[in-house]
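J.: Pasting in a structure now, in structure tokens, and then I'll have a few things to ask.
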Amino acid sequence: MALRGSFRFSHRLRVRWSEVDLQQIVFNGHYLNYFDTAVSEYWRAMALPYQATMARLGGDLYVRKATLDYLGSARYDDLIDVAIRCEHIGNTSLRLRCAVFRAEKLLVTGELVYVFAEPATQSSRPIPAELREMLLDFEAGAEMLDVQVGHWDELGVSAQDVRAEVFVREQGIPLDLELDEADHSAVHALALNRMGMPLATGRLLPHAPGVARLGRMAVIAPMRGSSVGRRVLEALLNAAAARGDHAVVLHAQLSAASFYRRFGFVEHGPHFEEAGIVHVEMVRTLSPSAPWAVPA
């Protein structure tokens, strides 16, 4: 029987009214949807944007088999945790063990078997050694993210890839506004996954004596909602504290303000426009004597 402690990863969901049947319990087929949703988050937890990862690996994963074992029932408005672990990796296939818990009570277990295949023909191919290693390392508790802090000549090429994707292509900010000379004097943070793919970046500049200015925070779309943005923010705040800054100021897009509020930033002053997007100034005090950690 699956136990909570045997899974490194789980994803929390709330049962919706549309998922309950005439028996007032979750319709049996919805558990496959729960597993599929959690599997997407499983890849995100490994710092792997799924589509870009599969393109890099030259294949894709296709479901070969799905089984479910019903031990109990979830009901409307229940908070359930959908746990996933990689249980076995063969030559061309891998098996995921899935489980649905309400608190500590096991409700449903399942098995998903995926085959790695060439997308055009869906003919099976050996699972790449790189993917095999990442899955095994993740299940062993290894760190999947590499957050580097340095200068533009070290990190600029990859940082600019992230910023161009987010600010230029996604948000439509002109490239000549996104790039400036401040990059060369700033401290930069860059998050890379185990494949060396850049996922997020940000920079730190002097703003006033003892005050740093944080900016150009960007996370590629598939990794939003994961820990990647938090880790970059943590690295920059620790860099500011280490050099003796007592506060950090930033200009947040309104859509990102709630992210910074969770980490102790407070709004300061009225809303204003930058590059055609509404922003608000936010401030966070620091303790230079101790490393600053963002809450998980």
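J.: Before we move on, is Leu94 out of contact with any Lys or Arg (no Cβ under 6 Å at 6 or more places or on another chain), crowded, with 16+ Cβ neighbours inside 10 Å, under 15 Å from Met46 (Cβ atoms) and in contact (Cβ under 8 Å) with a residue 12 or more places away in the chain?
T.: Taking the combined requirement at face value, the residue satisfies it.
J.: Something else about it: Which members of the range 159-214 meet the condition of being open to solvent by 20 Å² or more (accessible area, probe 1.4 Å), under 19 Å from Val248 (Cβ atoms) and assigned to a helix (DSSP H, G or I)?
T.: Residue satisfying the conditions is Ala182 alone.
J.: Take Arg8 and tell me if it is over 17 Å from Gly72 (Cβ atoms), under 28 Å from the mean Cα position of the chain (by Cα) and surrounded by fewer than 18 Cβ atoms within 10 Å (Cβ to Cβ).
T.: Taking the combined requirement at face value, the residue satisfies it.
J.: Run Gln23 past the list (1) within 23 Å of Glu143 (Cβ to Cβ); (2) modelled with pLDDT under 95 and report the number of the one that doesn't hold.
T.: It is condition (1) that Gln23 fails.
J.: Here's a follow-up. Just checking, does the range 44-56 include any residue being at positive phi and within 16 Å of the chain's Cα centre (by Cα)?
T.: Looking for residues that are at positive phi and within 16 Å of the chain's Cα centre (by Cα), one finds at least one in the range 44-56, hence yes.
J.: Another question, if that's okay. What is the number of the single condition among (1) open to solvent by less than 30 Å² (accessible area, probe 1.4 Å); (2) without any contact (Cβ under 8 Å) to a residue 40 or more places away in the chain; (3) of a type outside the set (Phe, Trp, Tyr) that Met223 does not meet?
T.: Result: Met223 fails condition (2) only.
J.: Turning to a different aspect of this structure: Could you please find all residues in the range 121-134 being open to solvent by less than 50 Å² (accessible area, probe 1.4 Å) and either in contact with a Pro (Cβ under 7 Å, 6 or more places away or on another chain) or without any contact (Cβ under 8 Å) to a residue 60 or more places away in the chain (or both)?
T.: Selection gives Ile127 alone.
J.: Count, please, the residues in the range 19-51 that happen to be farther than 18 Å from Gly110 by Cα and open to solvent by 90 Å² or more (accessible area, probe 1.4 Å).
T.: Residues flagged as farther than 18 Å from Gly110 by Cα and open to solvent by 90 Å² or more (accessible area, probe 1.4 Å) within the range 19-51 amount to 4.
J.: Additional query: Could you grab me the full set of residues in the range 52-93 that are of a type in the set (Asp, Glu) and under 22 Å from Ala221 (Cβ atoms)?
T.: Passing the criteria: only Asp60.
The values are calculated or read from the model by the stated rules, or taken from the named source; none is laboratory data. A quick note: this is a predicted structure, and the numbers were derived from the prediction, not measured. FYI the Cβ positions are ideal-geometry reconstructions off the backbone, even for glycines, and counts take in every protein chain you see. Areas reflect the complete protein model, heavy atoms only, side chains present, ligands, DNA and RNA absent. Shrake-Rupley method; radii C 1.70, N 1.55, O 1.52, S 1.80 Å.
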